[in-house]
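One structure is given here, and the rest of the page talks about it.
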């Protein structure tokens, strides 16, 4: 099988065909237009047994990688760090051209094809992740607006304003305000603008919630049946996990989420330490679920209490519960996958 390495840029891409022996057979430079993938496939027709290797398929090369994957091509993602290392080890040394970059990408894919990420066409999991990221941005914006509104109302209203202020409460306080000075009048105008912004963001959050709920129904996930997993948490998990089949076992999944402790043994001393790596978004989701289950009656609270009775601290017991929840979520996602495939 030949490998076609692609070095993408904003306005163009360079493709190099490399055979299994590492010899360059052909190269082509194409402008990044709407028909770039079609022209690239037409050029690659003489090599039906082929694999495309795209540098940065999750970044600058996402566009061409997704077009090729949607066309049914075998596409792998080559990290830029690996292609740079391959170029430095090549006989050409550190000299850099688009052709040498594309050839280095192909060389990496030829030697590490089984260990590179396979590029798949974007599906509903991408939608879920986009909705999750949109909600996080809106939530951060709401906190900023609410904090600023609280600060202005605190100086404008006698007696100050309560924390965690809501739009209805802010509207009531603003209506009761009686500005006397020019500065107070300016504060009232600013508070009115901030209140409008707060209401707008609140409405956008409601829209995002409805979209997320509809997306989960479309996926057919049963994650929300787990205590502590609401719509927001389910969307975050589904969006970041994508295809559960990429994790061979529940242990691999737990390691990916950072819920599995890392072994730090030395000699006869066996010990483990906290895993601060992994996907921190999934780790945050597991933490939220663990807090809910440790607080409310149920199997999660019983397990948490059992760990406390064993002498663990609350933080250690919560980590143990997170590890157990990682297995539960893995099995739920795997079961949903089998049901959808049936």
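For the reader, a short list of remarks on this structure follows.
- Condition met for residue 146 (modelled with pLDDT of 80 or more, assigned to a helix (DSSP H, G or I) and closer than 14 Å to residue 52 by Cα): no
- Applying the set (1) crowded, with 16+ Cβ neighbours inside 10 Å; (2) in a helix (DSSP H, G or I) to residue 207 leaves exactly one unmet item: (1).
- Scanning segment 4-29 for residues that are assigned to a loop (DSSP other than H, G, I, E, B) and either outside the structural domain of residue 84 (by TED's automatic domain parsing) or in contact with a strand residue (DSSP E or B) (Cβ under 6 Å, 6 or more places away or on another chain) (or both) yields one hit, 19.
- Failed item in (1) more than 20 Å from the chain's Cα centre (by Cα); (2) outside any helix (DSSP H, G or I), with residue 300 passing the rest: (2)
- Test for residue 57: is it surrounded by 22 or more Cβ atoms within 10 Å (Cβ to Cβ) and assigned to a helix (DSSP H, G or I): no
- Residue within segment 30-46 that is surrounded by 16 or more Cβ atoms within 10 Å (Cβ to Cβ), in contact with a helix residue (DSSP H, G or I) (Cβ under 8 Å, 6 or more places away or on another chain) and not in a helix (DSSP H, G or I) present: yes
- Among the conditions (1) in contact with a strand residue (DSSP E or B) (Cβ under 8 Å, 6 or more places away or on another chain); (2) without any contact (Cβ under 8 Å) to a residue 24 or more places away in the chain, residue 102 misses just one, which is (2).
- Index of the failed condition, residue 81 passing every other in (1) in contact with a helix residue (DSSP H, G or I) (Cβ under 7 Å, 6 or more places away or on another chain); (2) outside any loop (DSSP other than H, G, I, E, B); (3) over 19 Å from residue 27 (Cα atoms); (4) modelled with pLDDT under 90: (1)
- If the condition is being touching a helix residue (DSSP H, G or I) at 6+ places or on another chain (Cβ under 9 Å), part of a loop (DSSP other than H, G, I, E, B) and surrounded by fewer than 18 Cβ atoms within 10 Å (Cβ to Cβ), then segment 61-73 contributes only 71.
- Taking the criterion of being more than 17 Å from residue 322 (Cβ to Cβ) and over 17 Å from the mean Cα position of the chain (by Cα), the residues of segment 213-229 that qualify are 213, 214, 217, 218, 219, 220, 221, 222, 224, 225.
- Residue tally, condition surrounded by fewer than 17 Cβ atoms within 10 Å (Cβ to Cβ) and free of Cβ contacts under 8 Å to residues at least 24 places away in the same chain, over segment 134-152: 7
- The listed residue being in contact with a helix residue (DSSP H, G or I) (Cβ under 8 Å, 6 or more places away or on another chain) and either exposed (fewer than 15 other Cβ atoms within 10 Å of the Cβ) or modelled with pLDDT of 95 or more (or both), out of 315, 302, 326: 326
The values are calculated or read from the model by the stated rules, or taken from the named source; none is laboratory data. In this text, all values refer to a predicted model and were calculated from it rather than measured experimentally. Counting neighbours? That spans all protein chains shown, and the Cβs are built from the backbone with ideal geometry, glycine included.
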